[in-house]
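Heads up: the structure comes next, in structure tokens.
The values are calculated or read from the model by the stated rules, or taken from the named source; none is laboratory data. Here the structure is a predicted model, which means the values were calculated and not measured. With ideal geometry, Cβ positions are generated from the backbone for all residues, glycine too; neighbour counts draw on all protein chains shown.
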């Protein structure tokens with residue numbers, strides 16, 4: 001009985017290791033490289049914007065969208081950036097694209113976790129921005 005007590009924890013440790021390795025292998029095989037590259041471009045865009053390089057930020061956001069069209073937050077950021085530059089028609093177009101993306105079945109985000117409550121908040125916030133900007137676009141035309 002004492003040898004069984006010694007081997008039992010070892011057996012569980014081996015099983016736990018096998019499970020962990022198989023999960024890691026599954027995650028490695030099912031990586032979405034576009035999401036990774038999109039995330040890098042997204043972070044570069046945030047850095048460029050923080051340093052005041054709005055053209056560089058726009059270019060990096062566009063790279064992120066090209067690499068992963070399901071990265072919905074990029075459309076929001078592009079809308080916000082266009083709004084910041086008083087390009088309201090373009091901002092509305094990006095905000096609308098964000099809404100289409102958020103209402104889709106698959107959404108990519110950095111970190112891989114996107115709770116439903118965050119999706120609902122993003123939809124409400126984006127809708128409010130479109131409504132606020134719609135008045136300024138129609139009054140200037």
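For the criterion of being at pLDDT below 90 and either closer than 16 Å to residue 125 by Cα or in a helix (DSSP H, G or I) (or both), residue 100 passes.
Picking from residues in the range 56-86 that are farther than 19 Å from residue 123 by Cβ, free of Cβ contacts under 8 Å to residues at least 40 places away in the same chain and part of a loop (DSSP other than H, G, I, E, B), the one that is farthest from the chain's Cα centre (by Cα) is 86.
Out of 24, 41, 91, 11, report the one residue that is in a helix (DSSP H, G or I) and at pLDDT 90 or above.
Values: 24 fails: at pLDDT 90 or above; 41 fails: at pLDDT 90 or above; 11 fails: at pLDDT 90 or above.
That would be 91, the only listed residue that is in a helix (DSSP H, G or I) and at pLDDT 90 or above.
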